[in-house]
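Below: one structure, written as structure tokens.
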Amino acid sequence: MDLFEIKLNNETRLDVYRSVYTPVNSNMFIIIRGEEALIIDPNINEEVIDLLHKHNVNEVYILLSHEHYDHTSGVLWLQSLFDTKLICNRICAEIVAQQKYNNPMLVALVLADKDKQDGGNRYAEFKKSFKPYTLKADKIYDTPCVFQLMGMTFKGSQTPGHSPGSWCLVVDDAFVITGDTLIKDTPVVIRFIESREQDYRNIAIPYLKSLNPELMVLPGHFDPFILKDNNILHTYNV
Amino acid sequence: MTNLEKYTNVFVESFGITAEQTTGLAYQGIEAWDSVGHMTLVAAIEDTFGIMMDTDDIIDLSSFEKGKEILAKYNVEF
């Protein structure tokens, strides 16, 4: 795990831990305040348990940026260990509630590709350990929405394109959780069967362009960054 | 339309290529047929032939020709 610091205001700084799900480099972010923790897009990492215990965390909020497997793979694991509340937008909640959509096929394919390169056994191990699942959200938001959590204000907006259940959340006007709707200097994947390029261009990009360029971005993959430092937005004509 | 025409069309539409370019086409042989493209391709094949492919078969679908062998297991004849 690594650690980033976000300045919420002149007096408050927020520690944000990040764990990377290595098959596809997707991010899990962990924010702890008092005895509560917010975990964004969980993957399975035993270090997280130690971190939460070290801070005497007794309430865990799980927030999904969208419904894809590489962003939900650790939800059941966390739910088995802590008192949790799963937070989703309505579209995401409806999708993760259906087993067929919690499909790990892309991750399985990537693991199989790596095995071909080095003779590894990742795919077979993954296949053996994977169990089909459904997720039930505890708190479902219709977007746009504003809600309070752990003393912070979250402003959620649906940003379809990469997936129907994608949303972005601006937190305390200091940072924005973008999931796979925005990744630094990397074209967003809008080639999945459920992706909609038109939605990305017409809804997600105008939304992202409307945000304060000084916001820190917590993306679904790769490193956090300041919004204004991202070049990819400039390649889209809206 | 024959099954071969349907199968070829899936590749043409998924990857934006011509029917002639499907000959000898292999996974990761063109930019569009990467891991994400593979997911789109499989979804289109399943939709076209009304089947649900096994995970191992999805992984093994490494070329245009190999795909025809795999589909035979699902009673899709060419």
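The values are calculated or read from the model by the stated rules, or taken from the named source; none is laboratory data. Nothing here was measured: the structure is a model prediction, and the numbers come from that model. Using ideal geometry, Cβ is built from the backbone for each residue, glycine included, and neighbour counts are taken over all protein chains shown. What goes into the accessible areas is simple: the full protein's heavy atoms, side chains included, and nothing from ligands, DNA or RNA. Shrake-Rupley method; radii C 1.70, N 1.55, O 1.52, S 1.80 Å.
Sort out which residues of segment A:184-210 are hydrophobic (A, V, I, L, M, F, W, C), open to solvent by less than 60 Å² (accessible area, probe 1.4 Å) and within 13 Å of chain B (Cβ to nearest Cβ), and write them in order of number.
Of everything in segment A:184-210, those that are hydrophobic (A, V, I, L, M, F, W, C), open to solvent by less than 60 Å² (accessible area, probe 1.4 Å) and within 13 Å of chain B (Cβ to nearest Cβ) turn out to be A:188, A:189, A:190, A:192.
Residue B:71: under 30 Å from residue A:131 (Cβ atoms) and at pLDDT 95 or above, yes or no?
Yes: the conditions hold for residue B:71.
How do the helices (runs of 4 or more DSSP H) wholly within chain B filter down when requiring 2 or more residues that are open to solvent by 20 Å² or more (accessible area, probe 1.4 Å) and among the small types (Gly, Ala, Ser): which remain?
Per the criteria, B:35-49.
Please indicate, with yes or no, whether at least one residue in segment A:210-221 is touching a residue at least 40 places away in the same chain (Cβ under 8 Å), part of a loop (DSSP other than H, G, I, E, B) and touching a His at 6+ places or on another chain (Cβ under 8 Å).
Yes, that holds for at least one residue.
Kindly provide the set of residues from segment A:73-123 that are away from every other protein chain (no Cβ under 14 Å) and hydroxyl-bearing (Ser, Thr, Tyr), ordered by number.
A:73, A:80, A:84 - these are the residues of segment A:73-123 that are away from every other protein chain (no Cβ under 14 Å) and hydroxyl-bearing (Ser, Thr, Tyr).
Name the one entry in A:160, A:164, A:132 that is open to solvent by 10 Å² or more (accessible area, probe 1.4 Å), under 20 Å from residue A:210 (Cβ atoms) and in contact (Cβ under 8 Å) with a residue 12 or more places away in the chain.
A:160
Name the single residue, out of those in segment A:136-151 being open to solvent by less than 90 Å² (accessible area, probe 1.4 Å) and among the β-branched types (Val, Ile, Thr), that is nearest to residue A:80 (Cα to Cα).
Ranking the qualifying residues of segment A:136-151, first place goes to A:140.
At pLDDT below 95 and of a type in the set (D, E, K, R) - does that describe any residue in segment A:90-104?
Yes, some residue in segment A:90-104 is at pLDDT below 95 and of a type in the set (D, E, K, R).
How do the pairs read when you match residues in segment A:60-80 that are in contact (Cβ under 8 Å) with a residue 40 or more places away in the chain and of a type in the set (Asp, Glu) with residues anywhere that are in a strand (DSSP E or B) and open to solvent by 10 Å² or more (accessible area, probe 1.4 Å), using Cβ under 8 Å and keeping only pairs 6 or more apart or on different chains?
Cβ pairs passing all conditions: A:70/A:21.
Could you list, ordered by first residue, the pairs with Cβ atoms under 8 Å in which the first is in segment A:14-27 and free of Cβ contacts under 8 Å to residues at least 24 places away in the same chain and the second is part of a strand (DSSP E or B), at least 6 apart or interchain?
A:15/A:3; A:15/A:4; A:15/A:5; A:15/A:31; A:15/A:32; A:20/A:26; A:20/A:27; A:20/A:28
I'd like to check something: does segment A:22-31 contain any residue that is surrounded by 15 or more Cβ atoms within 10 Å (Cβ to Cβ) and at pLDDT below 95?
yes
Which ranges mark the strands (runs of 3 or more DSSP E) fully within segment A:131-193 that have 3 or more residues being over 17 Å from the mean Cα position of the chain (by Cα)?
Hits in segment A:131-193: A:145-149.
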